[in-house]
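What follows is a structure written as structure tokens; I'll ask about it next.
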2 protein chains.
Amino acid sequence: MTSDAESGEVLMLGYMNAEAMAKTIETGEAHYWSRSRRCLWHKGATSGLIQKVVEMRIDDDQDAVWLRVAVEGGASCHVGYRSCFYRLVPVGDAAGGALAFVETSKQFDPKQVYGDAPNPTQL
Amino acid sequence: MTSDAESGEVLMLGYMNAEAMAKTIETGEAHYWSRSRRCLWHKGATSGLIQKVVEMRIDDDQDAVWLRVAVEGGASCHVGYRSCFYRLVPVGDAAGGALAFVETSKQFDPKQVYGDAPNPTQL
């Protein structure tokens, strides 16, 4: 998973294969493996929203990586928000309520950045 | 993924099935599905290190959840550290270097907390 090094906000959860992890370590810029597009994914290559790795950590059984990054342009979610986690799920006493937006405005217009390029993510 | 609501530190990456997610929403305490033990896992049921959900967020395509929690007892990793992500991977100019410990002391003694209970996690 990837969080903003400064604010601590979790930006996205991505998948890395061995190649993506090696590229991330070598370049200091986040690379993932896109399972939907089946290709190595240099985050920001299209949008310019590169994630510079400030710190990379690995967990106890070494099957998960936590990236702390600085994002050029300030957004990581392809729909235009800063974080992919832009909605709250009510819990406990509030359980059953509607999802609430945490981010109220987008950082960029996806149409302008990606044009008509297809995105396999189902919203 | 689960982070400390106060410090922003990522504590662990866990898997939730529908039941675990429902229980988390209903009780306000983190539940996961343990894939190795194949059972619903109420985090802290054995150790007492319950994760109280301060905020739950869901991502754009609704296949990942970010929990911000307060941990009673201050630790979430079964080997005794605060976070499972207690080691740094050197990147960029430092690539190829050895893993470095971020946490230098454990919060609890796993032997004392779990006794001889087997743990399927391969370190």
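The values are calculated or read from the model by the stated rules, or taken from the named source; none is laboratory data. What you are looking at is a predicted structure, and each value in this text was computed from that prediction instead of being measured. Neighbour counts are summed over all protein chains in view; Cβ atoms, including those assigned to glycine, are modelled from backbone coordinates with ideal geometry. Side chains are part of the model used for accessible areas, which takes the heavy atoms of the whole protein and leaves out ligands, DNA and RNA. Shrake-Rupley method; radii C 1.70, N 1.55, O 1.52, S 1.80 Å.
Kindly evaluate A:Val53 against the criterion of being without any contact (Cβ under 8 Å) to a residue 24 or more places away in the chain and either open to solvent by less than 30 Å² (accessible area, probe 1.4 Å) or touching a Ser or Thr at 6+ places or on another chain (Cβ under 9 Å) (or both).
Numbers: without any contact (Cβ under 8 Å) to a residue 24 or more places away in the chain: no; either open to solvent by less than 30 Å² (accessible area, probe 1.4 Å) or touching a Ser or Thr at 6+ places or on another chain (Cβ under 9 Å) (or both): yes.
Taking the combined requirement at face value, the residue does not satisfy it.
Another question, if that's okay. Which members of region A:1-37 meet the condition of being closer than 13 Å to B:Gly8 by Cα and open to solvent by 70 Å² or more (accessible area, probe 1.4 Å)?
A:Glu6, A:Ser7
Can you name every residue in region B:114-123 that is open to solvent by less than 50 Å² (accessible area, probe 1.4 Å) and in contact (Cβ under 8 Å) with a residue 40 or more places away in the chain? Full working, then the answer.
Taking region B:114-123 as the starting set, the residues that turn out to be open to solvent by less than 50 Å² (accessible area, probe 1.4 Å) are B:115, B:121.
The one that is open to solvent by less than 50 Å² (accessible area, probe 1.4 Å) and in contact (Cβ under 8 Å) with a residue 40 or more places away in the chain: B:Thr121.
Ok, one more. Could you grab me the full set of residues in region A:64-82 that are within 24 Å of B:Tyr86 (Cα to Cα) and either in contact with a Lys or Arg (Cβ under 6 Å, 6 or more places away or on another chain) or modelled with pLDDT of 95 or more (or both)? If you could, list the steps in order and put the result at the bottom.
If we filter region A:64-82 for residues that are within 24 Å of B:Tyr86 (Cα to Cα), which is where we start, we get A:64-71.
Scanning region A:64-82 gives A:Ala64, A:Val65, A:Trp66, A:Leu67, A:Arg68, A:Val69, A:Ala70.
Considering only region A:65-98, state which residues are within 11 Å of chain B (Cβ to nearest Cβ), closer than 24 Å to B:Gly28 by Cβ and either among the aliphatic types (A, V, I, L, M) or without any contact (Cβ under 8 Å) to a residue 24 or more places away in the chain (or both).
Scanning region A:65-98 gives A:Tyr86, A:Arg87, A:Leu88, A:Val89, A:Pro90, A:Val91, A:Gly92, A:Asp93, A:Ala94, A:Ala95, A:Gly96, A:Gly97.
Let me ask another. Which of the following residues is open to solvent by 70 Å² or more (accessible area, probe 1.4 Å) and within 25 Å of A:Val102 (Cβ to Cβ): B:Asp109, B:Asp63?
On the way: B:Asp109 fails: within 25 Å of A:Val102 (Cβ to Cβ).
Answer to the selection: B:Asp63.
So, B:Arg82, is that one open to solvent by 20 Å² or more (accessible area, probe 1.4 Å) and closer than 22 Å to B:Pro118 by Cα or not?
Numbers: open to solvent by 20 Å² or more (accessible area, probe 1.4 Å): yes; closer than 22 Å to B:Pro118 by Cα: yes.
So B:Arg82 passes the test.
Also, quick follow-up: Here are some residues: A:Lys106, A:Lys52. Which one is among the basic types (Lys, Arg), assigned to a strand (DSSP E or B) and under 16 Å from the mean Cα position of the chain (by Cα)?
Details: A:Lys106 fails: assigned to a strand (DSSP E or B).
Unique residue meeting the criteria: A:Lys52.
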